[in-house]
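The values are calculated or read from the model by the stated rules, or taken from the named source; none is laboratory data. Just so it is clear, the model here is predicted, and its values are computed rather than measured. Positions of Cβ are backbone-derived with ideal geometry, glycine not excepted, and every protein chain shown enters the neighbour counts. Side chains are part of the model used for accessible areas, which takes the heavy atoms of the whole protein and leaves out ligands, DNA and RNA. Shrake-Rupley method; radii C 1.70, N 1.55, O 1.52, S 1.80 Å.
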2 protein chains.
Amino acid sequence: MKVSIEVSKVKAREAEASPKPGLDALLPDVFAADCASRGILEHIVSRWGVLVLASLLEGTMRFSALRRRIGGVSEKMLAQTLQTLERDGMVLREAKPVIPPHVEYSLTPLGRQAAHLVWSLAHWSEEHVPQVESARAAYDGRRG
Amino acid sequence: MKVSIEVSKVKAREAEASPKPGLDALLPDVFAADCASRGILEHIVSRWGVLVLASLLEGTMRFSALRRRIGGVSEKMLAQTLQTLERDGMVLREAKPVIPPHVEYSLTPLGRQAAHLVWSLAHWSEEHVPQVESARAAYDGRRG
DNA sequence: CGGCATCCAAAAAGATACTG
DNA sequence: CAGTATCTTTTTGGATGCCG
C-alpha cells in the first residue's frame, strides 16, 4: 500500500517547477520533470507502447498475436510493455486458467482514448513518409 | 565516421520483417519493423521529441529558453533532439551570425501538424493523472 | 502458450570540460 | 550563448533456460 505518500511529494515539487504559478498550479504539467503526467505520457509513447495501443484498437488479441502484429518486438519487451500499460489502467488482461495458457489483451475505456490519439500519430507518420524523406535529403545535401 | 561494421545481427533481424510484400508495399506500415514510418514516429514520440514539439507550439524559442521550458532535459539531449527533428523537417533552425550566438527554433508547417497531435497526447496525460493513479493503486493492491 | 529470471551486449542518457 | 567532445553511468534489449 503505497498510496498517498507520493502525492504530497509530487505536489511540493510541482510548485517549484511550474513557471506560471497562479493558473497552472492546479493542473499537472508535462513540462515539469517530476510531474506524474510525464511518466504516464512516457509509458504511452514508449517505443512499444504506441504500437501495442494501436494494435489493440483493432480488437482483443492474444499475446502471440500481438507479437506477430508488432514487427520486431521481443517477447520480453512485449510482456514488459503490456504490464506497464495494464498497471496504468490502459490494458485489460484476461487469463483463462487452462493448459496451455490462454491470455487475452484488450483496451480499457481509458486505454481506448489514449489509443485513438497514438493511432492518429502513427497514421500521420505513415502518410508523411515522403515529406520527411525529402526533408532529410535536403538536409543531408546541405551538410555532408 | 561510423560505418557499418557490426551489422551481422541487425541485418539478420531486419530480414525477417515485412510479412506481406504484395499489397502493403505501397502503403507504409508502422507495424512493420523496417518501415520508414516507424522511424519517423519514433523520432516524434521520443522522450524529448514530444516535449520539444509541444513547447515550440507556444512559439519560436531560443535554445536556452527551450532548455528551461523542458524540465530535466540535458543540454546534450536537447541539441540531439533538435537536430533529429530539424533533419526530419519538423523544426526550423535559424542562427544569427553574431557573438554571442543567437539561435532560434520554430516549427515548420509539417512539424506543426505533428506537434498538434503530440500536444493532444500530452494534454490528455495531464488530464488523466487521477484515473491512472487510481488504476495503479488498484493494481498494486491486487499484487504486492 | 504465456510468461518470468538471469545474464550479457548495446544503446541511450548524464556529467563535465571545452570552444567559437 | 549554443553548442561539441569525451567519458561514465544508466537503461534497454536480446538470448537463454525454466515453469505451470
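For the chain pair A and B, the buried solvent-accessible surface (1.4 Å probe, both sides summed) amounts to about 5000 Å².
Inter-copy label distances at A:SER106, shortest first and taken from points set 7 Å along Cα to Cβ: 4.9 nm. Placing a label point 7 Å from Cα along the Cα-to-Cβ direction at B:GLY144 gives distances to the equivalent points in the other copies of 5.8 nm, listed shortest first. Pairwise Cα distances in region B:30-139 exceed 25 Å in 29 percent of cases. Peptide B:43-50 is shielded by partner chain Cβ atoms: per residue, an average of 5 of them sit within 10 Å of its Cβ.
Over region B:30-139, Cα pairs under 8 Å with separation of 6+ residues give a relative contact order of 28 percent. Each of A:HIS102 and A:MET77 was given a label point 7 Å from its Cα along the Cα-to-Cβ line. The distance between the two points is 3.0 nm. Our note on the geometry: Cα centres of region A:107-127 and region B:105-134, 12 Å apart. Distant-in-sequence amide contacts of B:LEU92, defined by a placed amide H-H separation under 5 Å and a gap of 5 or more residues or a different chain, comprise B:SER106, B:LEU107, B:THR108. Counts of other chain beta carbons within 10 angstrom of each beta carbon in peptide B:86-95 average 3. Between the alpha-carbon centres of region A:68-85 and region A:38-65 there is a gap of 8 Å. Label-point distances for A:ARG69 to the equivalent site in the other copies, using a point 7 angstrom along Cα→C-beta, read 3.5 nm when ranked shortest first.
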